[in-house]
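Every number here is computed from the coordinates shown, using simple stated rules; none is lab data. Bear in mind the structure is a predicted one, so any value in this text is a computation, not a measurement. Cβ placement follows ideal geometry from the backbone for every residue including glycine, while neighbour counts extend to all protein chains displayed.
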Amino acid sequence: MNIFEKYLDNIKKTLLDLSKSGVLILPDALDGITAEIPPSKFDSDISTNVAMVLSKLNKKSPIDLANVLSDEIKKKDELIDEISVVKPGFINIKFKPIFWTNFIKEIIQNSRSFGINNIENKKNYLIEFVSANPTGPLHVGHCRGAILGDVIANVLLFNKHKVTKEYYVNDYGNQIINFTKSVYFRIREISYNEPFPNNDENLYPGDYLIDFAKNILESNKDIDFKDFDNISEKLTVLSIEEALKLIKKNLNSLGINHDNFVSEKKLVANQEVEKVIDILQKNKFVYKGKIKAPAGEDNNNWVEREQLLFRSTDFGDDKDRALQKSDGAWTYFASDVAYHKNKLDRNFDYLINILGADHAGYIKRISSSVEALSNSKNKVICKVSQLVKLIKDKKPFKMSKRKGDYITVDDLINEVGKDATRFIMLNRSSDAELDFDFDNVIEKSKDNPLYYVQYCYARIASVFRHIDRDIKSDVKIDKYDFEYSKDEIDILKKISEWPKCIDVSSKKLEPHRIPTYLYELASLFHSYWNLGKDDANKRFINEQKKINNDKLIFLKVISNVIKSGMDIVGVSVPEKM
């Protein structure tokens, strides 16, 4: 039950009735009219801007029109207690306490579907995320984007959309050749005591390659590793298999599983790059030309040469983009265009890419290619995951790590656990840098949002345990006419915002709204719980060591929302803490 959508519909019906009777002039479409949460300074439950939207057309001031509309809205709803008009023309609605009794009855009776938008058309989404080069373990830089992509998928799935989670494996190109050579030298180091060439900057120095080499040697005793050229192709396959095994293990430790892993090498082998270039050429989006030096590049060192270029400037990019290198090999961008054609051919309604901060500049060129390939019918949605700063003792923190120049996902999880990693990484909008403070993460206080939300659920579970009930069991409502106090209604008002939180998170692909909402709900609950220390009437367990049914229902509603939200975030809700 989304009370904001319900009352928006009621308001629009009132407008149509007034229009039919000649009292009101309406536009062709009632766009722009909203029913929102009023600012906390107003003692109201819903606020609408309807008078401001329609005032000019009806040649009335927003305040005068709001006064007319307020009387009509109240007249048609016996559950409205009072309506007030505030500058510059908002109409604020306050409900009678019985409204909240009816509200809690309805959401208990529909507890499995509370929060889901059942009205909107359901779509088919493809979310590509992580897609780190298969050359080693995932690091902290990948972690935030991985969680962002996974929770966006969870929100959409909760809202009954169809979602495919995909990882694009960049297993083609020079970085893979260098990676395979690195594994080869580790094998030589193990088998022949040859020193690893640490002076070669193109190689990968991480100690994790020793494990890769040992695994390959153990499983391939029939292969002679004396000559790199003879076994390079086979070794590449084996090395990528080892890297993907490690990456999938890292993802699994974060609670993430992809549906598909798509190989760049297979796209190239299937000539999908050539096919997509042919399509672009037929539509005159490709030409031979020269690119000027990139910004910051020394013009004296830049050699202009004729290349195969994509006309991305036709779609708002700042310059056209190269599809081929000087040696005739396809650029990474060309392979990416082929991959996005592959995505388009699978007929998803929406394509979503989660990109790291270092790939933000890549958005325009890839979105340009999708527009060109789909005749502007399909646009890719790119979400950028900004940088994470690790903080401990108020200073930048570097954990011990194996050789290499990064901190791994496993390092982070070993330090603070999966739940804290997921919750805190999602605790701020992805387009803003995030400070991951280790001191706050382990603190058992309000300053640790994960602990505060989990503790809310654990406190409710303790009440259920007291009466020998499982917090996960259903509660039933028969005759029920209890009216809640103002403190309780404040919590129910926050509960009423849950469907709106889900709806906005889903439509805007902004899952950080969910942990923020859960923290606010938990804060209201803890404040109410603490009132019981001084007021026996506020306690859930009475002097007879029992709990009233209305209180039990109240707790059940809160726990259901906390559990739903934490499931979407991918975090546990312990019943004891």
Quiz item: If you look at just the Cα atoms of the range 35-128, how large are its Rg and its Dmax in Å?
Solution: 17.2, 51
Quiz item: Using a simple spin-label model with points 7 Å from Cα along the Cα→Cβ vector, what separation in nm is obtained for residue 67 and residue 429?
Solution: 3.8
Quiz prompt | Crossing angle, helix 3-20 versus the chain [Cα axis fit, 0-90 degrees, rounded to tens] | solution = 60
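Between Rg and the Kirkwood Rh of the range 137-280, both from Cα atoms, what is the Rg to Rh ratio?
1.04
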Quiz item: Just the Cα atoms of the chain, one point each, no solvent: what log10 I(q)/I(0) does Debye give at q = 0.06, 0.07, 0.08, 0.12 Å⁻¹?
Solution: -0.43, -0.57, -0.73, -1.24
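Under the rule of -39500 (n - 2.57) per DSSP H run of 4 or more residues, summed and divided by the residues of the chain, what mean residue ellipticity at 222 nm is obtained, to the nearest 500 deg cm²/dmol? Intermediate values should be presented prior to the final figure.
Working: 20 runs with 269 residues, N = 577.
Here the helix-only value at 222 nm equals -15000 deg cm²/dmol.
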Self-check item: Set 545/576; 248/341; 245/343; 476/545; 60/494; 87/556 screened for pairs whose C-alpha atoms are more than 28 Å apart
Solution: 60/494; 87/556
Quiz item: If each of residue 332 and residue 26 carries a label point 7 Å out from its Cα toward its Cβ, how far apart are those two points in nm?
Solution: 5.4
Self-check item: Distance histogram for the range 94-135 (every C-alpha pair counted, 10 angstrom bins, percent rounded to whole numbers)
Solution: 20, 25, 22, 16, 12, 5, 0
Quiz item: For the residue pair residue 249 and residue 162, what label-to-label distance in nm results when each label sits 7 Å from Cα along the Cα-to-beta-carbon direction?
Solution: 3.6
Exercise. With no solvent and one equal point scatterer per Cα, compute the Debye intensity ratio I(q)/I(0) for the range 218-260 at 0.24, 0.33, 0.34 Å⁻¹ and report its log10, rounded to two decimals.
Key: -0.83, -1.15, -1.17
Quiz item: Which GluC sites (Glu not before Pro) does the range 481-560 hold that lie in a coil by DSSP with at most 13 other beta carbons within 10 Å?
Solution: 483, 543
Self-check item: For the range 200-277, alpha-carbon Rg over 2.2 N^0.38 Å
Solution: 1.36
Quiz prompt | Peptide ranges 69-75, 342-348, 331-337 listed from the most packed, as the mean C-beta count within 10 angstrom indicates | solution = 331-337, 69-75, 342-348
Exercise. Measure nothing fancy, just the Cα-based angle from helix 272-282's long axis to the longest principal axis of the chain, in degrees from 0 to 90, nearest 10.
Key: 80
Quiz item: Taking only Cα atoms, what is the 0 to 90° angle, nearest 10, from helix 140-158's long axis to the longest principal axis of the chain?
Solution: 50
Quiz item: Under a straight-distance cross-link criterion of Cα-Cα below 12 Å, which aspartates and glutamates are reachable from residue 379, leaving out those fewer than 8 residues away in the same chain?
Solution: 349, 371
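What is the Rg over Rh value, at two decimals, for the range 334-464, using alpha-carbon atoms and the Kirkwood definition of Rh?
A ratio of 1.11.
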Self-check item: Relative packing of 264-271, 365-372, 312-319, which averages over residues the other C-beta atoms within 10 Å, highest first
Solution: 365-372, 264-271, 312-319
Quiz item: Given that compact globular proteins tend to follow 2.2 N^0.38 Å, what is the ratio of the alpha-carbon Rg of the range 249-395 to that value?
Solution: 1.21
Practice problem: Please express the shape of the range 475-577 as an equivalent ellipsoid: the semi-axes are the square roots of 5 times the eigenvalues of the C-alpha gyration tensor, given largest first in whole angstrom. | Solution: 27, 15, 13
